[in-house]
Number of protein chains: 2
Amino acid sequence: MTADSRTTVGLLHPGDMGSAVGATLLAGGARVLWASEGRSAATRARAREVGLEDADTLEAVARASRVILSVVPPHGAAELARAVAALGFRGLYVDANAVAPSTAREIGRVVAATGARFVDGGIIGPATRTKRGVTRVYLSGPNAMEVAPLFGAGPLEAVVLDAPPGAASALKMAYAGWNKGSQALLAAIRAFAIAESVDAALLAEWKVSRPDLPASSERAIHDNAKKAWRFVGEMEEIARALTAVGLPPAFHEAAREIFARLSDYKDTTTSPTVEEAARRLRSRGPSRAP
Amino acid sequence: MTADSRTTVGLLHPGDMGSAVGATLLAGGARVLWASEGRSAATRARAREVGLEDADTLEAVARASRVILSVVPPHGAAELARAVAALGFRGLYVDANAVAPSTAREIGRVVAATGARFVDGGIIGPATRTKRGVTRVYLSGPNAMEVAPLFGAGPLEAVVLDAPPGAASALKMAYAGWNKGSQALLAAIRAFAIAESVDAALLAEWKVSRPDLPASSERAIHDNAKKAWRFVGEMEEIARALTAVGLPPAFHEAAREIFARLSDYKDTTTSPTVEEAARRLRSRGPSRAP
């Protein structure tokens with residue numbers, strides 16, 4: 001493969017999931033740029049580790065890239081699209097974030113306004129940099145088939161949905177709506193049982209009738225506490241998505257509240273015990289946005 | 001066992017779960033009365049089938065019983081306790097309903113005011129009339145040990161919690177809070193995926209990464225549609241219970257809404273398809289109380 005035949009892809013930004021995307025794009029033969037300006041030391045280290053090319057600024061990335069892939073926390077997705085559009089980007093813009101279909105379509109309009117084409121994306125699975133087959137990047141919209149070949153090798157597989165922009169985001173909302181919504185509910189139930197001093201009785205009953213739940217309720221707290229700050233915006237997007245089709249948003253408004261109350265565990269080194277997290281979950285103060 | 005040594009228990013009322021309780025009490029050697037006045041033909045048939053003794057009126061039951069067991073939909077629990085107290089009942093009153101700990105304690109005060117003693121109860125498991133070991137009646141409060149021997153044989157086992165009144169109800173709220181709350185969430189997620197035309201993609205993704213979910217999301221709709229009307233009050237009690245300890249009530253406010261929107265399937269002969277239920281779940285009109 002010559003240098004000319006390689007597609008140049010701008011990856012914004014190589015966070016945890018972003019680096020998994022970056023590793024995949026490199027394995028598939030793309031040249032992958034990122035913009036280190038204003039990024040954290042952890043992000044710089046990850047980008048170096050994966051082998052991405054530092055173009056320094058967003059402007060340089062937008063100028064040099066044929067495809068831009070947006071992989072950011074959901075509350076930053078629209079803002080990043082506006083920033084890229086403001087730089088006059090006219091390539092293919094892929095929003096791979098956990099946003100409501102309406103947010104995805106709005107992002108599509110933003111980037112189309114300055115001449116870029118849009119692909120809606122949604123990533124389902126863990127941020128793996130190694131094993132192929134556990135994480136899928138769903139793509140939808142008329143330009144989706146152009147993006148799929150970039151994921152031909154490496155950890156993440158692409159799945160093209162024969163559906164308009166918004167479908168890949170809807171699928172992500174549905175998947176995460178159960179996955180993270182049910183984990184937030186399970187955390188709340190343990191916190192309730194602890195508050196009412198019936199936690200031991202609940203675990204004993206579960207051991208008989210629902211033997212999976214003692215361990216999965218522990219994981220719902222241990223595995224999520226340090227990442228909870230990132231889920232706040234995602235729960236807001238899911239609530240918005242359900243409202244848009246006439247379904248109750250309150251499951252994910254509650255899940256948002258649960259993750260917001262755990263958001264102080266960001267940057268802590270160890271996960272809290274179930275009992276410690278339960279105390280935090282019962283805080284009555286106003287919840288903090290990420 | 002002579003007629004004199006048998007404990008006379010009033011069972012209010014032999015609905016689906018009530019008949020399972022009645023079958024257990026009879027197997028344990030109690031004399032079991034019920035009050036047919038104002039009850040449906042289905043309830044009369046069940047009571048006959050199980051072999052309960054018809055005392056006709058609530059008044060006759062209250063006069064003749066040493067123990068009264070209340071097994072009603074949660075929204076009727078406090079009202080029944082007031083009716084029994086108004087009849088001057090001075091025996092042992094067991095509230096076995098799916099109510100918040102605060103509701104259980106309020107019922108305890110109501111019956112204590114006219115001289116009865118109180119036991120808090122909560123039933124976890126299906127309404128089985130045959131197999132022992134799948135359904136447990138949790139009991140709490142200082143008089144709980146007196147009630148347990150009534151469940152010595154038959155389908156339902158008693159478990160005494162060494163805890164004050166409210167604990168058995170709290171355990172029931174925690175258990176049903178996950179069980180029914182998560183089923184309502186799963187039903188909402190399927191309805192969302194159908195509304196957004198990504199249901200086939202969601203099922204395909206689940207088959208790979210969460211192979212239990214296609215079938216359990218179908219069951220969440222099929223198994224609950226006809227009983228949904230009964231769950232509305234229970235979700236309200238769970239929301240109240242979570243609020244009382246500073247946890248978000250919104251999971252179960254949403255679950256309440258889901259079950260309320262399915263409540264028209266009461267008395268239907270067949271369960272709706274997932275697609276039909278999904279349309280019903282998206283109704284935007286005001287929900288109906290049971």
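With its label point defined 7 Å out from Cα along the Cα-to-Cβ axis, A:ALA148 lies at 6.3 nm from the matching points of the other copies, in increasing order. Taking 21 Å as the limit for the C-alpha separation, the pairs A:LYS172/B:LYS172; A:LYS172/B:LYS226; A:LYS207/B:LYS131 exceed it in the case of A:LYS172/B:LYS172; A:LYS172/B:LYS226. Counting from the shortest, the label point at B:PRO126, 7 Å from Cα toward Cβ, is 3.5 nm from the same position in each remaining copy. Here region B:111-200 was treated as a single set of alpha-carbon atoms; its pair distances binned every 10 Å from 0 give 16, 32, 25, 14, 9, 3, 0 percent.
Pick from B:ALA184, B:ALA215, B:ALA168: which residue has the top mean-square fluctuation in a GNM of chain B where Cα pairs under 10 Å get a spring? Checking each option, the largest mean-square fluctuation is seen for B:ALA215. Other residues within the sphere of radius under 10 Å centred on the Cβ of B:ARG31, judged by their own Cβ, net out at +1 (K and R +1, D and E -1).
Between helix A:199-209 and chain A there is an angle of about 70 degrees, using the helix long axis and the longest principal axis of the Cα atoms. Semi-axes of the equivalent ellipsoid of the protein assembly as shown are 55, 23, 18 Å, computed as sqrt(5λ) over the eigenvalues of the C-alpha gyration tensor in descending order. The dipole here belongs to chain B: it is taken about the Cα centre, uses +1 on the Cβ of Lys and Arg and -1 on the Cβ of Asp and Glu, and is about 120 debye.
When chain B is turned onto chain A, the axis of that turn runs closest to one Cβ of chain B, and that residue with its distance in whole Å is B:ALA250, 2. Rounded to the nearest 500, the 222 nm mean residue ellipticity of chain B from helices alone is -15000 deg cm²/dmol, with -39,500 (n - 2.57) taken per DSSP H run of at least 4 residues. With label points defined 7 Å past Cα in the direction of Cβ, position B:GLY88 shows copy-to-copy spacings of 9.5 nm, given to one decimal and shortest first.
Candidates A:TYR265, A:VAL208, A:VAL198 compared by Cα position along the dipole of region A:170-281: farthest toward the positive end lies A:TYR265, with charges placed on Cβ. Evaluated with a Cβ-only charge set (Lys, Arg +1; Asp, Glu -1), the protein assembly as shown carries a dipole of roughly 40 debye about its Cα centre, given to the nearest 20.
Orientation-averaged projection of region B:170-281 equals 7.1 nm² [convex hull of Cα atoms, one quarter of hull surface area].
Among B:TRP34, B:TRP229, B:TRP206, the residue with the largest mean-square fluctuation in a Gaussian network model of chain B, with springs joining Cα atoms closer than 10 Å, is B:TRP206. The residues packed around B:GLY154, meaning those with a beta-carbon under 13 Å from its beta-carbon, carry a net charge of +3 if Lys and Arg are +1 and Asp and Glu are -1. The magnitude of the dipole of region B:24-127, with charges of +1 and -1 set on the Cβ of Lys/Arg and Asp/Glu and taken from the Cα centre, is near 200 debye. Working from label points 7 Å from Cα in the Cα-to-Cβ sense, the A:THR57 to A:ALA204 distance is 6.7 nm.
Each Cα pair of region B:3-163 feeds into the Kirkwood radius, which the Stokes-Einstein equation turns, at 20 °C and 1.002 mPa s, into a diffusion coefficient of 141 µm²/s. Sparse packing (at most 10 other Cβ atoms within 10 Å of the Cβ) combined with a DSSP loop state is found for none of the GluC sites (Glu not before Pro) in region A:1-90.
Summarising the amide proton neighbourhood of B:ILE68: residues at separation of 5 or more, or on other chains, whose placed amide H is nearer than 5 Å comprise B:GLY10, B:LEU92, B:TYR93, B:VAL94.
Quick note: the coordinates plus some simple rules give every number you see, no bench work behind them. Just so we're clear, the structure is a prediction, and the values are computed from it rather than from any experiment. When we count neighbours, we look across all protein chains shown, and the Cβ atoms used for this are built from the backbone with ideal geometry, even at glycine.
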